[in-house]
Amino acid sequence: MARILPVASFDCTVFGATGDLTMRKLLPALYHRHRDRQFPDTSRIIGAARGALDDDGFRRQAEAALRSHLPPDSLDATALQDFLSLLHYRPIEGSGEGGWQELAATLDERPGQVRPFYLATSPELYGPICQRLARHGALSPQARVVLEKPIGHDLDSARDINRAVGEVLPEAQIFRIDHYLGKETVQNLMALRFANPIFERLWHADMIDHVQITVAEEVGIGGRGGYYDKAGALRDMVQNHMLQLLCLLAMESPISLDPDAVRDEKVKVLRALKPIAPHEAHLATVRGQYTAGAIAGLPVPGYRQDLGQEASLTESFVALKLQVNSWRWAGVPFYLRTGKRLPRKVSEIIIEFRTPPFSIFPREAVGMQPNRLMIRLQPEEGMRLEMMTKEPGPGGLHLRPTGLDISFEKAFGQRYPDAYERLLMDVVRGNTTLFMRRDEVEMAWKWVEPILQGWTDRPETPRPYAAGSWGPTAAIAMIERDGRTWYESLE
């Protein structure tokens, strides 16, 4: 049974309280942590948004969202009512002047409480909200401000946001959240590498042939078309989620688990990424956009139909080949791909080890396959080590790949808190280890920006791919030119 470490009483203010993120992720996460008694009943969750709601109206919306987004067996009637009693609401417009004094007065009722402020709003409001909180005296030494991605849409806007928030808060009180870093499997990367010498001694260019990182989604752009068409897959997924995964895979051992020691090593990886100059962007990347096709046997429209426009140059798929210029990783390519309307929702990392230089087994035994370590982030978190074994039976020596599987939920026989549950409790504790530091965000944008510039300099229509396929054929050609192929799980 996993230990539940209680956190201090808090007053958590959620800006954008009636939005999709709050209703679909934040409130369910807080409900689970309260149901498991991780935080006391003296805590309050204060919703802040433009709508003219009162406490009861907000509670009714929250209850409907919880019943919609949580499985029925996780909803206990008593626990649900106890949780709803913690909810309050204050009407505030992030860029306006009304409501701030009332919020400050509510918080001042309990001056000793930890004060998380979760900004589930558009990034343009991060600076104005923090400035207004400071002006009305709400940013106590116990305050923590949580910034959702994206932090800007380019390097300059990211710097502007960081500067505006940094004017009123020290870095230790700023939590730039990437929910991928809260996943159990992502955190297990640290344990896998640094608690198991058997793997750490294999974790270098002499033993690893290449690394693949895939983040695939079945869904299209849905109701996010307005945002997504201005962002695209590179901004939406690569600049944050995927580069963070690469950092954890490629970083050197920190000297401790101190937050800055871990983040120092991640920044070193970002600094070591080989730049892709604007004129190289079209050779080192593949952009795609889904057309009409089928998902799970059902027809789905194409990107432009979902968007409601006849033309768009925004990519819904991107594949890249990266190099980390360090002694550990010299010559090892990292292949990244992400896209919408792909066959399955899956996020996984494939570490493919080098094949033996010579095989003692006869050719008819079987074609030798490389050992692979597969790290699954979703839909089911776990790991699989694939190795060659002899088929049982008296029919001669025949080899086949066999996997050693670990499903975390099955292995430990319990429900694991999701990423937002874990990260929200880390915010209350003041633990910034799993959150991005200012220089991380800016370094990631600095690496991505020349690619965006290259696409702007040579505007080309993204390569079409049918919904339900694994992306444009050019992405397959990119990796197969190197004599490798994308791994596609059969699940």
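The values are calculated or read from the model by the stated rules, or taken from the named source; none is laboratory data. This is a predicted model, so every value here is computed, not measured. Here the Cβ positions follow ideal geometry from the backbone for every residue, glycine too, while neighbour counts run over all protein chains shown. Each accessible area value is taken on the protein alone, full model and side chains, heavy atoms only, with ligands, DNA and RNA left out. Shrake-Rupley method; radii C 1.70, N 1.55, O 1.52, S 1.80 Å.
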With 0.36 nm assigned to each residue of separation and the Cα-Cα distance removed, K390 to D405 gains 3.6 nm
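Given a Förster distance of 35 Å, report the FRET efficiency between S140 and E449 from their Cβ-Cβ distance, rounded to the nearest 0.05. Before the final figure, lay out each step's value.
Working: r = 36 Å, r/R0 = 1.04.
Taking R0 as 35 Å, the efficiency between S140 and E449 is 0.45.
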If each K or R counts +1 and each D or E counts -1, the residues other than G471 whose Cβ falls under 9 Å of its Cβ total +2
If Lys and Arg each add +1 and Asp and Glu each add -1, what is the summed charge of the other residues whose beta carbon sits under 15 Å from the beta carbon of G98?
+1
Would you please classify the overall shape of the range 208-301 from the alpha carbon gyration tensor, given that a ≥ b ≥ c denote the square roots of the eigenvalues, rounded means a/c under 1.5, and beyond that prolate means a/b larger than b/c while oblate covers the rest?
prolate
With a/c under 1.5 counting as rounded, go ahead and sort the range 250-388 into rounded, prolate or oblate using the C-alpha gyration tensor (a ≥ b ≥ c being the square roots of the eigenvalues; past the cut-off, prolate if a/b is larger than b/c, else oblate).
oblate
In the chain, carbon and sulfur make up what percent of the accessible area (probe 1.4 Å)?
54 percent
If you count, for each residue, the other Cβ atoms within 10 Å and average over each peptide, how do 69-76, 205-212 line up from highest to lowest?
205-212, 69-76
As a test, work out the antiparallel percent of DSSP beta bridges whose residues both lie in the chain, rounded to the nearest 5.
55 percent
Along each of the three principal axes of the Cα atoms of the chain, give the extent in whole Å, ordering the values from largest to smallest.
78, 54, 48
Only loop residues by DSSP count here, and only those with at most 13 other Cβ atoms within 10 Å; note down the trypsin sites (Lys or Arg not before Pro) in the range 28-134 that meet that.
R37
Can you give the angle from 0 to 90° between the axis of helix 126-135 and the longest principal axis of the chain, with both taken from C-alpha atoms, to the nearest 10?
30 degrees
Against the longest principal axis of the chain, how steep is helix 155-166, in degrees 0 to 90 to the nearest 10, with axes from Cα atoms?
40 degrees
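Ignoring ligands, DNA and RNA, what accessible area per residue does the chain give at 1.4 Å, in Å²?
Counting only protein heavy atoms, the per-residue value for the chain is 44 Å².
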Which longest run of the chain has no exposed loop site in it, a site being chymotrypsin sites (Phe, Trp or Tyr not before Pro) in a DSSP loop with at most 13 other beta carbons within 10 Å, and the site itself not part of the run?
1-326
Env charge @ P357, Cβ radius under 15 Å, K,R +1 / D,E -1, value -1
